[in-house]
Amino acid sequence: MGKTLAEKILAHKCGQSEVYPGQFITARVDLVLASELSGVLAIEEFNKVNGARIFDPQKVVLVMDHFTPAKDIKSAEIVKSCREFARQHEIRFYDVGRAGIQHVLLPEQGLVVPGDLIAGADSHTCTYGFMGAFGTGIGSTDAAAAMALGEIWLKVPQSIKFIYYGKLPKWVGGKDLILETIRRIGVDGARYQVMEFCGEVVDSLSMADRFAMANMAIEAGAKTGLFAADQVARRFTERRSQRPGQYWQSDEDANYAETYEFDVSGFEPFIALPYLPSNVKPVSEVAGLSIDQVVIGMCTNGNLEDLRAAAGILKGRQIHPNVRAVIIPGSQQVYLDALREGLIEIFIQANCSVSTPTCGPCLGGHMGVLAEDERCVSTSNRNFRGRMGHPESEVYLANPYVAAASALAGHIASPVELPA
Amino acid sequence: MPLEDRSNLTLSSFLSHQAQAHADRPATEQGDRVITYSDLADQAGRLAAGLQSLGLKAGDRLAVILPNVVEYPIVIFAAAQADLVLVPINVRRSPDEVLARLRKTRPRAIITFADPGEHFGPDHSELALAAAAELADLEHGITIEGPARPGLTPLDDLLSAKASPPVAAARPTDPAAIIHTLGSSGDPRGAVLTHRGLIGNALAMARRLQATPEDVFLGAVPFSNTFGLTATILTALSAGASLACLPRFSAEHAGELLASRPISIFNAVPTMYALLLNHGSHRVGGTPHLRSGIVAGAPCPPELVERIFAELNCRVLLAYGLTEASPCVTCTHIEDGSITASRTVGRPLPGVEIKLVDSGGYPIAAGLEGELCVRGDNVMAGYWDDPAASAQVLDAEGWLHTGDLATIDPDGNVQVIGRQDDVIIRGGFKVYPQTIEMVLRTHPLVREAVVVGVPDLIYGELICACVVLQRPDVNSEDLRAFAAERLADYSAPDRVHVFKALPRRGSGVVHRNYLSQLIRIRGRAWVFGKNIDTDAIIPARRCNTADPRELALYCMEDADPEFIRHMQRGDLIVADSNFGCGSSREVAPLAIKAAGVSAVIAASFARIFFRNAINIGLPILECPSAAAEIQPGDDIEVEPATGTIHNLTNGKTYRAAPFPDFLQQIIDKGGLLAYVEERLAETRTPNHERPTPEEQR
């Protein structure tokens, strides 16, 4: 019996010739990751362990991204404790001005390569599947243990195969593919399973589109979401990292729990209505619903390609007077690239606010929290009740084209309807 | 002169005062036998003369091993009148335990009874004879019932002695009784209690109860301890009330007495009230006269107090005390509001000083938790013949260090939080794990034995022995029987669990708290559905804090607003599949663990929440059928070690998927950090140099 991509990565990381779904393994990790939010607890836990030392300072990363630049004294103190721990143990530390949102930042810095196993104390660690790395969210205690031992325990998950074929219409991207996928299987449709994305459409997707898909695998309950690293991923990796990746592929006769097929030719941009990422409809069905805010960027759609997409819509226009728009580049590098390309100027001239990279409003932290009865179109990944602010506010999840088009229209709008 | 104005009494002068004041009123009763105050004084005087006729002298000890019979008060006052020191011993103690107490106090006489053993364990007259053979000081055995036996004097013979009653010479500060309690290692220690301490305590309790000569007390708690001797016998008599003796408590008997006799005050451990309410007999015959009683001896759940108030129409008082304080230290008032009355043990008795100190012995700031210390006439003179043990608990300023942790609210009401050590309180009886462990370890097939208390709705705690065997040639039931033969019946383990290995802390010491969670968890179920996203809760609670610990306080409340307000320690969570997704990471498990939840029943082993729960040592049982069928509020009992889930509400038993060995290791060690510590130690220490767990201890 053949093996899936996920099984091959995990077998390699636990030093066995093969592993089986359901098997409990202890696997070596290539990177241990935490933000300030999860890091502060991980540090506390780490300090409780007698005689604990960081297993490899080069493989432990703290990224300050959730409440930074520190939004209040408490955040400042938490970041400070992470900073001091990082100095003491000489681990990799990304602070304000040198950082970005962790999942955008680490591949950009060349810290992740295909075939890696990444244990991150953040549920969206599944993102690294966009480049063929097995990333999975862990808890802070896990992170503390992984920092000391360089390994984590895992139950080998089953895999589900998602095949996308047909011709991808204009204005439809990775975000729409993952939204429609979650609509079809539900928010626990891939519970503790690996979502493996493949098919002719996938082969032609940009890394940013793949990023958005893998990023939201957790919203279907998945352990991780994986793309087999191809030539596109190889080029992406080799431009950023000296470290060679491992380019695993699933075997033809690998065993999958289920297979889903999608003909994307008839797709149009999708939007997830409150209060679940699976509550997905074509944008055309909800077009016209008035909005108060748009947020573009953050981790799910915070790559340069995503900002280009939004800027393409906004160029030479101004957003609706009743709407405010916040643009959040995924990292300092993305910000700089966008600046050099003139995208930031487009945003500012369109009356958008441009923020330093941060998770900020996605989790209702800062930089765009919603008031009661306010409605927001966001390119982020979660729209649970109260996620971005008041419990009576609403978040609609969409791609950057839709978000930008809605900002211009003052209501939910499809870019298809925009005047030329 | 009113009795309460006379603080310098001895037991003997106390009785003569009461016999004059209430001469023909009933003092004690049992069945058809009624003894008036003057009869009591008369019989006590005659027995005192009889005891002297045996050659007993002032300061000699008189051991008493009797159930709650009508003769008990006679013996107490006879001992006092003959200037003897009373040594009461519980009839339910095993022969070995009785002998240990006799060896320690070296009595010259023992008063017991010749019950065939059906109700009160061993034949105590046999025991007295056996003890007399072994103990040189023990010259006289006296029995109150049963056939005359060679070597034993019937009590009636002494009561019919012709000599005139002696006049007591003891002073108020002289020892009146030695009552045994257990030290931290489980060895018996005799607290020496003075006349003044006992009477002062009884008078104060009678005032808190607002007891009058019209009251009838039910004598159900053992007279051999201070709750029975001081807070029941002496308290009833100091009010001029009468005392109905109940030789051995059962809910049925107590219910009958409460219905048929005008009993107005029922002192009890919480278990007795719980049994009475659950038995339901009070609903048949009613408790027409019952109005109050002291509840003490073990922590009493507020719900039980509320049930007693509502169902029995009985305004019980919660009290805190200990043998070393004769016993009562604090007690609620009849007029207290319901919160104070059900959730505190009230304020100190008049003449009793209290304070809280930190681990260094320094007084702590108001509102903080500290060790409760007590000073006053009620505090013992010391432990009998054990100056070292006395010095451990009594300081130079006369403070008794109780070992109990407490807080004091701004109104001065005390809340007792727990013990500084591992004592188990089962049905009001203190049980010391070490005693039982020592017995179990004498079994040839037992390699390790650790005893822990687990929560129980009736007994407060049950005794669970966790053993590791040399060979699997003996079963749990045999081990239970083995221990039961060698221990007091209330200290025999309720359950024996066999483990392959016991969870240990990094230092190698067995992790008792975690072990008790593993064995058995019982509580109400809280059911949470899909997609409780703690991320969403940050702003929803207007708590967009960056501090995960602060967030933890809010996250479960948002999931169910009733949760934080109404949950009890030990409650369980039943979680659907996607419970706690998002950045719940540790937040959700930490929050529920901090709130006191002790286990989670989950539909599926999935999501970060579940692995986090395991990693912080919160057992999770994966059982889709239980998760689907359990309703909010169901009474659930789980045994993580066996994967068993009992739904006591719907009567069903479920089997959870067993944990893989791999995870069981982490769980057994009490969480991932202990496992990490051990792994790190392994990499540092070569195998042959690694100490065994025994050596580590």
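The values are calculated or read from the model by the stated rules, or taken from the named source; none is laboratory data. What you see is a predicted model, and the numbers here were worked out from it, not measured in a lab. Counting neighbours? That spans all protein chains shown, and the Cβs are built from the backbone with ideal geometry, glycine included.
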Qualifying residue in the stretch B:510-521 (condition: modelled with pLDDT of 75 or more, surrounded by fewer than 20 Cβ atoms within 10 Å (Cβ to Cβ) and under 22 Å from the mean Cα position of the chain (by Cα)): yes
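What about residue B:196, is it out of contact with any helix residue (DSSP H, G or I) (no Cβ under 9 Å at 6 or more places or on another chain), more than 23 Å from residue B:34 (Cβ to Cβ) and surrounded by fewer than 24 Cβ atoms within 10 Å (Cβ to Cβ)?
Values: out of contact with any helix residue (DSSP H, G or I) (no Cβ under 9 Å at 6 or more places or on another chain): yes; more than 23 Å from residue B:34 (Cβ to Cβ): yes; surrounded by fewer than 24 Cβ atoms within 10 Å (Cβ to Cβ): yes.
Answer is yes for this residue.
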Checking residue A:76 against (1) in contact (Cβ under 8 Å) with a residue 24 or more places away in the chain; (2) within 14 Å of chain B (Cβ to nearest Cβ); (3) not in a loop (DSSP other than H, G, I, E, B), the condition it does not meet: (1)
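Sort through A:115, A:120 and tell me the only one that's surrounded by fewer than 24 Cβ atoms within 10 Å (Cβ to Cβ), under 19 Å from residue A:151 (Cα atoms), among the small types (Gly, Ala, Ser) and in contact (Cβ under 8 Å) with a residue 60 or more places away in the chain. Before you say what the answer is, go through the steps one by one.
Values: A:120 fails: surrounded by fewer than 24 Cβ atoms within 10 Å (Cβ to Cβ).
None of the other options fit; the residue is A:115.
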Strands (runs of 3 or more DSSP E) wholly inside the stretch B:274-380 that include at least 3 residues being hydroxyl-bearing (Ser, Thr, Tyr): none
Neighbours by Cβ (under 8 Å, 6+ apart or cross-chain): first from the stretch B:91-102, farther than 23 Å from residue B:246 by Cα; second part of a loop (DSSP other than H, G, I, E, B) and of a type in the set (Val, Ile, Thr): B:101/B:89; B:102/B:89
Condition met for residue A:393 (out of contact with any helix residue (DSSP H, G or I) (no Cβ under 6 Å at 6 or more places or on another chain), at pLDDT below 95 and crowded, with 24+ Cβ neighbours inside 10 Å): yes
Residue under evaluation residue A:363, criteria (1) more than 11 Å from chain B (Cβ to nearest Cβ); (2) out of contact with any strand residue (DSSP E or B) (no Cβ under 8 Å at 6 or more places or on another chain), criterion not met: (1)
Criterion (modelled with pLDDT of 95 or more, touching a Leu at 6+ places or on another chain (Cβ under 7 Å) and in the same structural domain as residue A:405 (by TED's automatic domain parsing)) met by exactly one of A:343, A:336: A:343
Subset of the stretch B:21-63 [aliphatic (A, V, I, L, M), surrounded by fewer than 24 Cβ atoms within 10 Å (Cβ to Cβ) and over 16 Å from residue B:160 (Cα atoms)]: B:21, B:23, B:34, B:35, B:56, B:58
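Have a look at B:236, B:254, B:231, B:244 and point out the one that is touching a strand residue (DSSP E or B) at 6+ places or on another chain (Cβ under 9 Å) and not in a helix (DSSP H, G or I).
B:244 is the lone residue from the list that is touching a strand residue (DSSP E or B) at 6+ places or on another chain (Cβ under 9 Å) and not in a helix (DSSP H, G or I).
Each row is one residue, and each column tells you yes or no for (1) in a loop (DSSP other than H, G, I, E, B); (2) touching a Cys at 6+ places or on another chain (Cβ under 9 Å); (3) within 25 Å of residue A:288 (Cα to Cα); (4) more than 10 Å from chain B (Cβ to nearest Cβ).
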position	(1), (2), (3), (4)
A:353	no, no, yes, yes
A:356	yes, no, no, yes
A:368	yes, yes, yes, yes
A:377	no, no, yes, yes
A:386	yes, no, yes, no
A:392	yes, no, yes, no
A:402	no, no, yes, yes
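Can you go through B:600, B:587, B:638 and tell me which one is buried (at least 24 other Cβ atoms within 10 Å of the Cβ) and either polar (S, T, N, Q) or modelled with pLDDT under 75 (or both)? Show your work before the answer.
Values: B:600 fails: either polar (S, T, N, Q) or modelled with pLDDT under 75 (or both); B:638 fails: either polar (S, T, N, Q) or modelled with pLDDT under 75 (or both).
The match here is B:587.
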Unmet requirement for residue A:50, which otherwise passes all of (1) at pLDDT below 95; (2) surrounded by fewer than 24 Cβ atoms within 10 Å (Cβ to Cβ); (3) more than 9 Å from chain B (Cβ to nearest Cβ): (3)
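Please determine, by comparing only the residues of the stretch A:132-143 that are among the small types (Gly, Ala, Ser) and at the interface with chain B (Cβ under 7 Å from one of its Cβ atoms), which one is nearest to residue A:44 (Cα to Cα). Steps first, please.
Going residue by residue through the stretch A:132-143, those that are among the small types (Gly, Ala, Ser) are A:132-133, A:135, A:137, A:139-140, A:143.
This time we only want the ones that are at the interface with chain B (Cβ under 7 Å from one of its Cβ atoms), so: A:137, A:139-140.
Working: A:137: 19, A:139: 13, A:140: 9 Å.
Taking the candidates together, the pick is A:140.
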Filter result (at the interface with chain B (Cβ under 10 Å from one of its Cβ atoms) and within 21 Å of residue A:154 (Cα to Cα)) within the stretch A:28-38: A:34, A:38
Index of the failed condition, residue B:390 passing every other in (1) under 20 Å from residue B:196 (Cβ atoms); (2) crowded, with 18+ Cβ neighbours inside 10 Å; (3) touching a residue at least 12 places away in the same chain (Cβ under 8 Å): (3)
Residue, surrounded by the most Cβ atoms within 10 Å (Cβ to Cβ), within the stretch B:405-422, restricted to residues that are of a type outside the set (Lys, Arg) and modelled with pLDDT under 85: B:416
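Confirm whether residue A:359 is in contact with a His (Cβ under 7 Å, 6 or more places away or on another chain) and on the phi < 0 side of the Ramachandran plot. Can you show your working first?
On the way: in contact with a His (Cβ under 7 Å, 6 or more places away or on another chain): yes; on the phi < 0 side of the Ramachandran plot: yes.
The answer is yes for residue A:359.
Report yes if residue A:175 is surrounded by 17 or more Cβ atoms within 10 Å (Cβ to Cβ) and modelled with pLDDT under 95, otherwise no. First the steps, then the outcome.
On the way: surrounded by 17 or more Cβ atoms within 10 Å (Cβ to Cβ): yes; modelled with pLDDT under 95: no.
So residue A:175 fails the test.
I'm trying to understand the selection: among the residues of the stretch A:49-59, which are touching a residue at least 40 places away in the same chain (Cβ under 8 Å) and in a helix (DSSP H, G or I)?
Within the stretch A:49-59, the subset touching a residue at least 40 places away in the same chain (Cβ under 8 Å) is A:49, A:52-56, A:59.
Answer for the stretch A:49-59, where residues must be touching a residue at least 40 places away in the same chain (Cβ under 8 Å) and in a helix (DSSP H, G or I): just A:59.
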